[in-house]
Amino acid sequence: MQEKVVGKAPIRKEGLGKVCGRAQYIDDLSLPGMIYGATVRSSVPRGRILGIDFEPGIPWDEFVIVTATDIPCANEIALINHDWPCLADGIVNHPEEPILLLAHPDRHLLPKAVAAVRVRYEELPAVFTIEESERVETVVWGTDNVFKSFLLEKGDVDAAWAEADLIVEGEYATGAQEHLYIENNGAIAVYSAEEGLTVWGSLQCPFYVHKSLVKLTGLPEERVRIVQMETGGAFGGKEDYPSMIGAHAALLAMKSGKPVKIAYDRAEDMAATTKRHPSRTRHRTAVTRDGKLLGAEIEIALDGGAYSTLSATVLSRATIHAGGPYFWPNIRIRSRAYATNCPPHGAFRGFGAPQSLFAIERHMDHIAEALGMLPEELRRRNFLKPGQTTTTGQEIREALDLEKLMERALAEADYYDKRAQFDRENAAAGMKRKGIGLASFLHGSGFTGSGERYLNSLAAMDVTAEGRARVLVSSTEFGQGTNTILCQIAAEALGIDYEAVEMGPPDTSVVPNTGPTVASRTSMVVGKLVQSAAHGLKQTLLASGLLSDRYTTADFHRAAREYLAQYGALRSESRYQAPPGVHWDDEHYHGEAYAAYAWAVYVAEVTVDLATCAVTVDDFVALQEVGRVLNPVLATGQIEGGVAQGIGWALYEKVVWNRGRMQNNQMTNYIIPTTQDIPPIRVFFEEQPFGDGAYGAKGIGELPMDGPAPAILNAIAHATGVQFDAVPLLPEDMFRRIAVREPEVVAT
Amino acid sequence: MNPQRYRLRVNGDVRTVETHGMARLLDVLRFDLRLTGTKEGCGEGECGACSVLMNGDLVNSCLVPVAQAEGTTIETVEGLGNDERLHAVQRAFLECGGAQCGMCTPGMLVATAHLLKKNPQPDLEAIREGLNGNLCRCTGYTRIFEAVERAVSLAGEERA
């Protein structure tokens, strides 16, 4: 069937409000009688709180002051475990940990008041790196500093070493990364005994905040309402922290009886909220002389920060992706997430996969070099093929052809000619060297293993009084295009115009729980539920006789209005059902880890200036297979944006730590790519519809974060002949390795 | 320091505010005049989300004290166009996917309008240079470059 709406690029649903400056973000909202909240935070990485003094010079009686003792029920931000306090109670475990909240009608008075709260501590020993944490000389969490560990085994790795012609080892590291959404975190809360609690915020997951605030306040579920405002970027950074800031606003509102706004400025947002987990990955690989991968031992360590938050699931995704898109007859992966006394690290686009894929994709180039083989040839000989199994034993059932994908990417990048050309030119030993490198990778769509079954998501559709169709989901828009994609899917399924479908409000009192807006699950998983709910709506109208088989959008409106007049309401729901034949063993980490995978090959071309150690990315090819592309403009925008973030992670974005605190918490000295740092990003799609996704869609949002860093570092190795195995790679990092060597001068 | 009265012409209307001379133009627009289209991203002149035109020059309104804006003409995103009559750059950003989360968009649109006024036919390098003070974290800028090129041709059509 030829689709009419899916596959097209209609105007973004909320786009008009955004280009006219009408879109309402949290800091644009102001309520009558609203006062402003601020947070007093820990100045030490770890310590016992001895006392809190309020210095003179501030009219303290005008302030609302909240401490842990004001929390009505559980002092906890509810996620996986129960260790993350909403406000420190006696002990602090990281710099910038919230201790006390202040609110006042004059927002200009708040910074002075925060500075006049003096917290006295007895400092306790702290750990700041994976290496310090794993030594367990100082225990800062549990009995061994380990939040979570996994052991994934396939085949017999110990037997593989004996068969190997060569054993290649390597160690790879990645740094923390700040999300740097342009809109900082913020929330507004209102409470009354009659109406209960309402929190508006910049957030990804309304029901995460809901769950957390129900636990914190002890209020019944129906007395807590969460509303997402227009959200100015998230990238995972507004998955868990909005529960914290929402809780803080709620506590101040409950104590004061007034609406309270907390809006972080950039410095507070960067210093206090989550970042991408730093990582260290060690590889040991058995390989034959002709490049067949026989076995691998991989050891992954993540720095999780002071509380466990989402580290277990980030580690899970890192573990499952660690083998890359290759066939491993034998593999053993051990992984651990460690506690340190930094603010908790959290979700960031890719969610552990960029870290472990960086390691395997750099390691593949190391293996190729050790074998004297070209990097593309080593990959070609080991790509996963249909019928083979992944590291978790998941059989590839789709018509996967990674070799074809790679050849197209290499052709688009003019890889072979450029590689030869750069080899020639670099031999002339000028100060500017050029290189080209690739990365091939996969990204699992949706929640891992049994995750989607546990989520048990529910989507709904209804019609408005005007007879327009309305999508009811908790999936949120924060730039990726949720509103547009879901309306396209609904319009297609209903057989009506895109303009005739609208989104319901992202408000927990109106929409059902469709799960969080994370894990590249919205188009594929939630989209499928919307598609099915839309079919239900259509069937109801057809069965009622108010709509005949052939109908226009105007007929639909009329029939929907008549149905409402006769029956009062028209609503259709759809609940998630796991595809048949899907098996996952959570204990041994074996089976169908993901319902689908997106596959990609990225190629980067770079220039390295040996005089300044500056790297420029000159060209970037991003080729991927993400199932059916539901909206080419949005999909391309997702890839380009992810590639830019990946370039930032590889070359510019360095979080400078000082005893667990981010030192460079300003846009002035934490550098993200500008218009002048971005190469032409050339995006290509191969489309292979996925049967269980909405109109064939697979996940897309996180995938482009995985490839740029290894492709760029592989290109730098080609350009310079020097192997760099850590990101970010800033000029000063490169300088330490190469600038001390005089450039070779060819005698004439 | 007592509040003083300041007069500005904002999007064509003369507006008067009573505030401290060091109040940021950004806050005067957002809080005193309730023109919340102009956004704050960093508060230190790095990100350009608060870009507005002051007497036709592109400025970061977070760095401009209102005393300095006394008597000037200010144009914000709200003055570019509206739902009924969009500015060419607004239409182009909509059509090309130049706006994702929308937070850099108002500043980016004002900066684009400024660029096209100075240089109606910018090539890609001129676009990159003209927008290098406006950070976007969503798009990777490529949709934005395309939108600026589209705006050039839309503006051409409007003139024709």
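Derivation of every value follows stated rules applied to the coordinates shown; laboratory data play no part. This one's a predicted model, so the numbers in the text were calculated from it and none came from an experiment. Positions of Cβ are generated from backbone atoms using ideal geometry, with glycine treated the same way; all protein chains shown enter the neighbour counts.
Observations
- Cα-based reach from B:LYS39 at 16 Å (exclusive), listing lysines while leaving out same-chain residues under 8 positions away: A:LYS18
- Kirkwood radius for the stretch A:130-177, taken over all pairs of different Cα atoms as the inverse mean of 1/r, rounds to 14.6 Å.
- Kirkwood radius for the stretch A:77-127, taken over all pairs of different Cα atoms as the inverse mean of 1/r, rounds to 13.4 Å.
- For the protein assembly as shown, calculated [θ]222 nm from helices alone, where every DSSP H run of n ≥ 4 adds -39500 (n - 2.57): -9000 deg cm²/dmol
- Expressed in Å, the radius of gyration and Dmax of the Cα atoms of the stretch A:1-156 are 23.4, 74.
- 5 Å-binned pair-distance histogram of the stretch A:13-74 (Cα, whole percent): 3, 9, 14, 15, 15, 13, 9, 9, 8, 5, 1
- Debye-sum result for the stretch A:399-487 in log10 I(q)/I(0), which assumes one identical scatterer on each alpha carbon, at q = 0.11, 0.21 Å⁻¹: -0.68, -1.09
- Convex hull per residue volume in Å³, alpha carbons only, for the stretch B:73-118: 79
- All alpha carbon pair distances within the stretch B:1-130 were sorted into 5 Å bins beginning at 0; the resulting P(r) in whole percents reads 2, 11, 20, 24, 19, 13, 7, 3, 1, 0.
- Here the stretch A:231-310 is treated as an ellipsoid with the same Cα gyration tensor; its semi-axes, largest first and in whole Å, are 45, 12, 10.
- Here the average projected area of the convex hull drawn through the C-alpha atoms of the stretch B:1-59 stands at 4.3 nm².
- The convex hull built on the alpha-carbon positions of the protein assembly as shown has an orientation-averaged projected area of 40.6 nm².
- Once the mean of 1/r is taken over each pair of separate Cα atoms and inverted, the stretch A:163-203 shows a Kirkwood hydrodynamic radius of 15.9 Å.
- Dividing the mean sequence gap of close Cα pairs (under 8 Å, 6+ apart) by how many residues chain A holds gives a relative contact order of 16 percent.
- q = 0.13, 0.25 Å⁻¹: log10 I(q)/I(0) that the Debye formula gives for the stretch A:284-384, counting C-alpha atoms only: -0.50, -1.25
- For A:GLY696, the shell of other residues with beta-carbons less than 13 Å away shows a net charge of -4, using +1 for Lys and Arg and -1 for Asp and Glu.
- Ranking of B:TYR141, A:TYR602 by count of other Cβ atoms within 10 Å, fewest first: B:TYR141, A:TYR602
- Alpha-carbon radius of gyration plus Dmax, which is the widest Cα pair, for the stretch B:86-159 in Å: 10.8, 33
- Karplus 3J(HN,Hα) series, Hz, for the stretch A:177-183 with 6.51 cos²θ - 1.76 cosθ + 1.60 (x for Gly, Pro): 9, 8, 4, 6, 3, 6, 8
- Selection from A:LEU486, A:SER457, A:VAL501, by position along the positive dipole direction of the stretch A:456-528 (Cβ): A:SER457
- Distance (nanometres) between label positions extended 7 Å along Cα→Cβ at A:GLU194 and A:ALA428: 8.2
- Here the relative contact order of chain B, from alpha carbon pairs under 8 Å that lie six or more residues apart, stands at 23 percent.
- The stretch A:569-590 and the stretch A:330-373 have Cα centres separated by 29 Å.
- Excluding exposed DSSP-loop trypsin sites (Lys or Arg not before Pro) (at most 11 other C-beta within 10 Å), longest clean stretch of chain B: B:86-160
- Against the rule of thumb 2.2 N^0.38 Å, how large the Cα Rg of the stretch A:418-551 comes out: 1.62
- In loop segments of the stretch A:651-724 as defined by DSSP, there are no chymotrypsin sites (Phe, Trp or Tyr not before Pro) with at most 15 further C-beta atoms inside 10 Å of their C-beta.
- For the Cα trace of the stretch A:186-334, dividing Rg by the Kirkwood Rh returns an Rg/Rh value of 1.18.
- Radius of gyration and maximum dimension Dmax of the stretch A:633-679, Cα, Å: 13.1, 44
- Remark: A:GLU14, A:GLU466 ranked as A:GLU466, A:GLU14, counting other beta-carbon atoms within 10 Å and listing the fewest first.
- Rounded to the nearest 20 debye, the dipole magnitude of the protein assembly as shown is 980 debye, with +1 charges on Lys and Arg beta carbons, -1 on Asp and Glu beta carbons, and the Cα centre as origin.
- If you plug the beta carbon distance of A:ASP70 and A:ARG282 into 1/(1 + (r/R0)^6) with R0 = 45 Å, you get a FRET efficiency near 0.45.
- Legend: ranking of residues A:ASP549, A:ASP725 from fewest to most surrounding C-beta atoms inside 10 Å; resulting order A:ASP549, A:ASP725.
- Net charge of Cβ neighbours under 10 Å - reference A:LEU31; Lys, Arg +1; Asp, Glu -1: +2
- Partners for A:LYS211 among lysines (Cα-Cα distance below 29 Å; same-chain residues under 8 apart left out): A:LYS13, A:LYS148, A:LYS238, A:LYS255, A:LYS258, A:LYS261, A:LYS275, A:LYS528, A:LYS698
- All Cα pairs of the stretch A:81-207, percent lying beyond 24 Å: 61
- Peptides ranked, highest mean first, by Cβ atoms within 10 Å: ranges A:100-111, A:266-277: A:266-277, A:100-111
- Overall Cα dimensions of the stretch A:606-725 - principal axes, largest extent first, Å: 49, 35, 26
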